[in-house]
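Beneath this line is the structure, given in structure tokens, with notes to follow.
The values are calculated or read from the model by the stated rules, or taken from the named source; none is laboratory data. All figures in this text were calculated on a predicted structure; none of them were measured in a lab. Glycine also receives a Cβ, built like all others from the backbone with ideal geometry; neighbour counts cover every protein chain displayed. Just the protein is used for accessible areas: all its heavy atoms, side chains included, with ligands, DNA and RNA removed. Shrake-Rupley method; radii C 1.70, N 1.55, O 1.52, S 1.80 Å.
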Amino acid sequence: MLAMKLSKWWLPSSNAHAYDSIDLTSVSCCKHMRLFTSCFAFNRKCSLILTFSIMSDSRTEVRRFCKQIENIVTNPKGQHELQQALRDVNCLTLDLDLTAEVKLFQFSDIATAKCVFRQTFYCPFGCFLMNILSFDWIRLYFKYEEIKQNFDNYFLKANNSGTFIILSKCLADSRAGVKQNKCVKLLEEFLQRRCLDPVIVQYCKASIQSEEQFIVDKFIGALVSFPDQAANVLQTQNSDLFLPQQYIPLIGQTILASLEHACDRIRKGQDVSLQFVGQLCAKLSLSGFAELLWRTLMSRMMLEVQRDFIWSRVCERLITGIPDRGLDIVLRTVLRIIPWYGFVDKFLGDCILTKHRVEYLMCTKMLLLQYTDKSLVVHNILGYLASSHTRQPLLIKTMKGLLRVWGDGSALRHTSGEQHLYITKALLICCNHLAERDAQTHKDELLQLLLPGVQCHLGMSDHDTRCLGMLVAKTITQMIDPKGPRLDYELDENNESVKSLLTETTTPADPAITGCTHDDDLEPYDMSNDVKVTKVKRPKYLRDCMEGLICADDTERVDTCLEAAEGLIRALPDGLTEVCEKFAKILLHLSEKSSNLHFTKHRFSAMVALTVNAPVQSSKYLTYQFYERNYNLRQRMDILEVLAASAQELSHPSQSVPKPYSKDSALTPGPTQAPTPEDWHSVVQKRIESKTRRFVKGPSRPGPAPKINKFAGVAGQFFYPLMKHYDRRENTFDLIGEDSLILGRLIYTLGVIMYCAVNTMEAKRMGATLLEYVLVLRFHTDRIVCHAILFAVSMVILSVPAHVLLSDLQGEVMEMKSWLEDVAEKGIDKESRKLAVQCLMLMENVIRKEFQGSMENT
């Protein structure tokens, strides 16, 4: 009462705005100014006291009203009383006019009572209504249509964020029964009628106040967690409308409706706020629904931003106003969905120049710290930077950063091949967008960053990495100086990495329409049986072949002798073991000086034939020469490939008996021999078997005939000498250092030789030695070496008996298992992690079978 009297005294009806007419410039005395300020503050304080007093009185009235209605709903005297009680509650809930009459209670101020009920009592009373539901209550009162309609209207027409909170909470706490069924039905109707639209639109009219943030967070949490809650509670009985595939697009349509309402308000000159929508989009994206949500939004937004500037501004404010914790996932999803970088400018504007968080995400994190299989993200980022003169300096800065990381040797060794390919792709796209004027301005700096990187790439052991270095060097130098000299590399355009870069970094041109002549339909002649006509005679003896291979001036004779070498060797002539070392030396040092397309194939086949037919002498010579000086990397690779292929051929049982040597055997293939007549013993045996009736039969076919493993006696000579000097450093050969390509191939060859020695007496010792060997090298940083070690470990597991692994080699196996688990979790690239998992599974299977066998034996 005191507050009311003071308010009336200070602001009478006739002088309610009397203080508005005071001219502050006429207040010449500070005393008068302080008096005016004190009076104004006193007036404001009295107004707040009056408002609080009125709200407090209304809250007491609404509390009494709710208690009265709860008593009636719990124990109604009849259907009419229950109908009137629900009707009175809806008078406070629904958007009715102020003249709506509440018959069961008398309010002093119905408008204030409505406000108080919606803000404070709507959710508790809604929970009471849902909890009152039972089978008997529904059976007694839901048969009256008006009661059922008033009950449903409380939830479906309230235009209150608490509705969804109430229903989702009741569903989460419910069990199978009538209450759960009613809750599901109300939620389905709530979503189908688009009852969320006016609720979210209401939040777009003004910014969220601090006192409202709690209920907003609770509402957003209920919206985001609803699909998971529904799936957990309903399980197999879940509604299709609650599944993310339908629920998230429906939320997206509601967000689009709120954006459209925001555009309409802007056209009318009214204020809007996208704070709630931004928080909702961020929370949905962080919860794993980013793809579903933004595909729904983008399908409409990309159409609107092209024809309406207001829509473009609203979409830009929505995306750039996303909270920082959700900005990363939102930008990544949007950039993955947008089909062309021209749309990125519509959605982001120039925010990358003013918001450092956006610049970091787009220019650093998405390009240098992450990678994706889709090149569209890179196209959108770099095209967006290049599409405006205000952002082009940032494009140059980004390109320099990419080039700096691309050429760093440490980064190249410690990043996966997929990520390095992604960075290379971004560099080539930058070259497509960089203006010629900017390229000339920053020419010197770009070259300083490029040249060390190219040198680092060409020195890598991985063939794909070297191809990437050649391609980038060729592209950037041509861009910087189009009229200058070009770098000529033997670039393998059939390489998968190169092909993917050439197709994904440039826009494919329209295919030209060309006509076809009648020549395209002609079938080519079969030239497979043609015999090459030459004046040089094919050699008949090994020494003639060796002399012909030495004649470097006569290339035609060299080619003819090389083609006949394999046949001469496999004919097993006399004296092969005496000349095999000299023959191997000739073949190893033989170089191609003609345009013979099959030179490499014939040379390799001859060396393999020589090693197979004289394994002791040939393996001794080749393994010794592997660590000698004055050999290039190609020759050392040839030695390893020949040893691996020879070991495989020796370990396989021969299928046919070699033909005896004759003078004409090495010339041309002789005529096909006629089949020999069947032996009379076999003919008689077949007739007896056909007329003999047997009641019990033995094996249907004889078992395989045992054959000697030719590799068993020479496995050690192939294996141990290759490990002898791996840590020795020469001026021209450093396995541990820069020649990691040869080291990887060496370990791979040792793994092949190990597998070829399976079931031999030497397998146990070889396995222990190889495990010890690779344990020393397991932390090598080159991915080629890592892959070879993983292959060698798998060969040891397959070749060494399981009981030996679990007894004699238990310490080495456990140490290797620990390293494999570390690689499987933190491997340098995807292939390393895959190979490590395969090794672990192989090891687990071998150990399980060994334990099962031992249990069966006991």
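For this structure, a couple of remarks:
- Among the residues making up region 341-362, a single one is among the acidic types (Asp, Glu) and more than 15 Å from His389 (Cα to Cα): Glu359.
- In region 106-120, the residues that are under 16 Å from Lys67 (Cα atoms) and surrounded by fewer than 21 Cβ atoms within 10 Å (Cβ to Cβ): Gln106, Phe107, Arg118, Thr120
- Residue, most open to solvent (accessible area, probe 1.4 Å), within region 703-732, restricted to residues that are free of Cβ contacts under 8 Å to residues at least 60 places away in the same chain and in a helix (DSSP H, G or I): Tyr720
This table checks each residue for (1) over 45 Å from the mean Cα position of the chain (by Cα); (2) modelled with pLDDT under 90; (3) among the charged types (D, E, K, R).
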{"site": "Arg538", "(1), (2), (3)": "yes, yes, yes"}
{"site": "Ala564", "(1), (2), (3)": "yes, no, no"}
{"site": "Asp574", "(1), (2), (3)": "yes, yes, yes"}
{"site": "Phe599", "(1), (2), (3)": "no, yes, no"}
{"site": "Asp638", "(1), (2), (3)": "no, no, yes"}
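- Within region 823-843, tally of residues that are open to solvent by less than 100 Å² (accessible area, probe 1.4 Å) and either over 26 Å from Glu418 (Cβ atoms) or free of Cβ contacts under 8 Å to residues at least 12 places away in the same chain (or both): 2
- For the residues Gln448, Gln440, the requirement of being open to solvent by 50 Å² or more (accessible area, probe 1.4 Å), farther than 23 Å from Thr372 by Cβ and either touching a residue at least 40 places away in the same chain (Cβ under 8 Å) or in a loop (DSSP other than H, G, I, E, B) (or both) singles out Gln440.
- Any hit, region 733-746, residues being under 28 Å from Tyr631 (Cα atoms), assigned to a helix (DSSP H, G or I) and among the charged types (D, E, K, R): yes
- The one condition in (1) within 22 Å of Gly716 (Cα to Cα); (2) aliphatic (A, V, I, L, M); (3) touching a residue at least 12 places away in the same chain (Cβ under 8 Å); (4) surrounded by fewer than 22 Cβ atoms within 10 Å (Cβ to Cβ) that Met766 fails to fulfil: (4)
- Lone qualifier among Ala206, Ala230, Ala158, Ala222 - being open to solvent by less than 20 Å² (accessible area, probe 1.4 Å), in contact (Cβ under 8 Å) with a residue 12 or more places away in the chain, aliphatic (A, V, I, L, M) and not in a helix (DSSP H, G or I): Ala158
- Close contacts from region 347-362, counting a first residue that is under 18 Å from Gly401 (Cβ atoms) and a second that is hydroxyl-bearing (Ser, Thr, Tyr), with Cβ to Cβ under 9 Å and a gap of 6+ residues or different chains, come to Ile352/Tyr384; Leu353/Thr390; Val358/Thr320; Met362/Tyr384; Met362/Thr398.
- Given (1) part of a helix (DSSP H, G or I); (2) surrounded by fewer than 15 Cβ atoms within 10 Å (Cβ to Cβ); (3) modelled with pLDDT of 65 or more, index of the condition Gln83 fails: (2)
- Some residue of region 794-815 being at pLDDT 90 or above, open to solvent by less than 30 Å² (accessible area, probe 1.4 Å) and closer than 30 Å to Asn630 by Cβ: no
- Listed by first and then second residue, the pairs with beta-carbon distance under 6 Å, at least 6 apart or on different chains, first residue in region 376-404 and among the basic types (Lys, Arg), second in a helix (DSSP H, G or I) and surrounded by 23 or more Cβ atoms within 10 Å (Cβ to Cβ), are Arg391/Leu385.
- Flag for Ala824 being under 20 Å from Tyr720 (Cβ atoms) and either touching a helix residue (DSSP H, G or I) at 6+ places or on another chain (Cβ under 6 Å) or in a helix (DSSP H, G or I) (or both): no
- Failed item, numbered, when Asp492 is tested on (1) part of a loop (DSSP other than H, G, I, E, B); (2) surrounded by 14 or more Cβ atoms within 10 Å (Cβ to Cβ); (3) at pLDDT 65 or above: (3)
- Annotation: of all residues in region 277-288 being open to solvent by less than 60 Å² (accessible area, probe 1.4 Å) and without any contact (Cβ under 8 Å) to a residue 60 or more places away in the chain, the one that is farthest from Ser207 (Cα to Cα) is Ser285.
- Count of region 238-263 residues, restricted to those that are free of Cβ contacts under 8 Å to residues at least 12 places away in the same chain and either more than 18 Å from Phe190 (Cα to Cα) or surrounded by 20 or more Cβ atoms within 10 Å (Cβ to Cβ) (or both), is 1.
- Filter result for the condition that a residue is among the aliphatic types (A, V, I, L, M), over 23 Å from Ile423 (Cβ atoms) and open to solvent by 10 Å² or more (accessible area, probe 1.4 Å), over Leu297, Leu274, Leu369: Leu274
- Residue within region 374-395 that is surrounded by 15 or more Cβ atoms within 10 Å (Cβ to Cβ), among the charged types (D, E, K, R) and either farther than 30 Å from Ile784 by Cα or in contact with a Gly (Cβ under 6 Å, 6 or more places away or on another chain) (or both) present: yes
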